[in-house]
């Protein structure tokens, strides 16, 4: 996903609005999908996406190339979400119709599910995870970041990401094994 040439990043850092626009265009859909999964509302996700790219623009000069552009932007999006979340009370989970209408275009549980009901159950199970486990699932499985990119976005080590993924998948498997439809199989890991 980081096909953005270094020259465009350099141009954006120098204030080139067209290069910055290309950066937004390349990453907007994935950042919006990530934030929509975290906050559960399209309007909030759009607002958070705009805040993310505003922060990307104001901090583009600090991008040093130590991580991929994608993991850098996802890290900013995560911080924007956490700041937003601190100012809000936790709300109710979105209604079933919302989950059915917003299947992620990226590979994830919805792509493996044979029915909308199973997708709703899986997404609800992910939403029930503690925040640090839920976020690692969103970044790694829904957004398709590698283990290293996920670690960079979360500002933790790759081994911490692996441990969180293992813990999240164990909790999800335990939550879903009690369902009457036991065809649900979660991946043990994605290749990085």
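Scanning for something without any contact (Cβ under 8 Å) to a residue 12 or more places away in the chain, surrounded by fewer than 18 Cβ atoms within 10 Å (Cβ to Cβ) and on the phi > 0 side of the Ramachandran plot, does region 32-47 turn up at least one residue?
The answer is no, given that none of the residues of region 32-47 is without any contact (Cβ under 8 Å) to a residue 12 or more places away in the chain, surrounded by fewer than 18 Cβ atoms within 10 Å (Cβ to Cβ) and on the phi > 0 side of the Ramachandran plot.
For region 155-175, which positions are surrounded by 15 or more Cβ atoms within 10 Å (Cβ to Cβ) and either touching a helix residue (DSSP H, G or I) at 6+ places or on another chain (Cβ under 7 Å) or farther than 17 Å from residue 68 by Cα (or both)?
First, the residues of region 155-175 that are surrounded by 15 or more Cβ atoms within 10 Å (Cβ to Cβ): 156, 158, 160-162, 164-165, 167-169, 171-172, 175.
Matches in region 155-175: 158, 160, 161, 162, 164, 165, 167, 168, 169, 171, 172, 175.
What are the residues in region 145-192 that are modelled with pLDDT of 90 or more, in a loop (DSSP other than H, G, I, E, B) and farther than 20 Å from residue 33 by Cβ, if any?
155, 156, 157
The values are calculated or read from the model by the stated rules, or taken from the named source; none is laboratory data. What you see is a predicted model; the values in this text were computed from it and never measured. Heads up, the Cβs are rebuilt from the backbone with ideal geometry, glycines too, and the neighbour counts pull from every protein chain shown.
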